[in-house]
1. For region 31-48, give me each residue that is crowded, with 20+ Cβ neighbours inside 10 Å and not in a loop (DSSP other than H, G, I, E, B).
2. Do we have any residue at all in region 146-158 that's surrounded by fewer than 16 Cβ atoms within 10 Å (Cβ to Cβ), in contact with a helix residue (DSSP H, G or I) (Cβ under 8 Å, 6 or more places away or on another chain), among the hydrophobic types (A, V, I, L, M, F, W, C) and closer than 17 Å to C34 by Cβ?
3. Mind checking which residues of region 76-101 are among the acidic types (D, E) and under 16 Å from the mean Cα position of the chain (by Cα)?
4. Among V113, V135, V95, which is the only one that is free of Cβ contacts under 8 Å to residues at least 60 places away in the same chain and either closer than 22 Å to V160 by Cα or in contact with a Phe, Trp or Tyr (Cβ under 7 Å, 6 or more places away or on another chain) (or both)?
5. Test F198 against the stated conditions and say whether it is at pLDDT below 75, of a type outside the set (G, A, S) and assigned to a helix (DSSP H, G or I).
6. Exactly one condition in (1) farther than 22 Å from F23 by Cα; (2) modelled with pLDDT of 85 or more is not met by A73; state its number.
7. Out of the residues in region 98-110 that are among the aliphatic types (A, V, I, L, M) and surrounded by fewer than 16 Cβ atoms within 10 Å (Cβ to Cβ), which is farthest from V160 (Cα to Cα)?
8. Are there helices (runs of 4 or more DSSP H) fully within region 61-161 with at least 3 residues that are hydroxyl-bearing (S, T, Y)? List them.
Amino acid sequence: MFEFIHMISAWLEAMLQGISDNFWLSMLFIFLVCIGEAVFILGLLVPSMPILLLTGGIIAQGGLPFWPIFFAATLGAIIGDAISYVVGWWLKDRVKTVWPFRNYLPLIHKGEVFFANHGGKAIFIGRFITGVKAVIPGVAGMMGMKYSYFTLINVISAFVWAAAHILPGMLLTGWLKSIGLSLELVIVVGALVLTAGFLLLHYWKRVLLLLAPYLGEVGRSMQARWAKPKTEP
């Protein structure tokens, strides 16, 4: 298991180190990653956090300059959220019937509730919450938030978000190396733990139902309460 994790971390490090050898390729890569992570729903598939943390580590080691990468990440985040807003504004409620958005109706509903509870603050806060950040800008467009107001919050939050993802990688690199760990290994293990936590948080009933046959009376009680009744053929 640890060999597999080490292999992934080494691959990530090699990939990013290879990209860092070409300044303009690095800029383009970070720019596109930060656009992709903010695009409505599709951003769920883009692992921006580990990539930006690793990029911060490369910056700390002198492999890349800070300011150009920082501004590339910020600009990408701004454009990604703007694209999501436009998609939501254009489709409105029809977004719930269009692929791939229709496959994520619970997440969109969660974004609508979050936006209704927090208003404009949802754009800023939501950018830092895994899962929700992929829908909040689109929901803002769906619900008719004024574009100028959205843009103001979008720009401010993008600067803070980029710094919050790059600077920790820069600060942690030296300390981790001093105790014999690599930033890449810590990020991969952390990502696996966060993924497991996310899955447990969202699918805990299914997990418990899978374990129910081994839990005796408690398991049968859970099956009676949560299991879907089988339909007759």
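1. F31, V33, C34, I35, G43, S48, listed by residue number.
2. The answer is yes, given that some residue of region 146-158 is surrounded by fewer than 16 Cβ atoms within 10 Å (Cβ to Cβ), in contact with a helix residue (DSSP H, G or I) (Cβ under 8 Å, 6 or more places away or on another chain), among the hydrophobic types (A, V, I, L, M, F, W, C) and closer than 17 Å to C34 by Cβ.
3. To start, the set of residues in region 76-101 that are among the acidic types (D, E) comprises 81, 93.
Scanning region 76-101 gives a single hit, D81.
4. Values: V113 fails: either closer than 22 Å to V160 by Cα or in contact with a Phe, Trp or Tyr (Cβ under 7 Å, 6 or more places away or on another chain) (or both); V135 fails: free of Cβ contacts under 8 Å to residues at least 60 places away in the same chain.
On inspection, the qualifying residue turns out to be V95.
5. On the way: at pLDDT below 75: yes; of a type outside the set (G, A, S): yes; assigned to a helix (DSSP H, G or I): yes.
So F198 passes the test.
6. (1)
7. Among those residues, the one meeting the criterion is V98.
8. On the way: elements: 66-91, 105-118, 121-126, 136-142.
It comes to 66-91.
The values are calculated or read from the model by the stated rules, or taken from the named source; none is laboratory data. Remember, predicted model here, so these are calculated numbers, not experimental data. Every residue, glycine among them, receives a Cβ derived from its backbone with ideal geometry; neighbour counts consider all protein chains shown.
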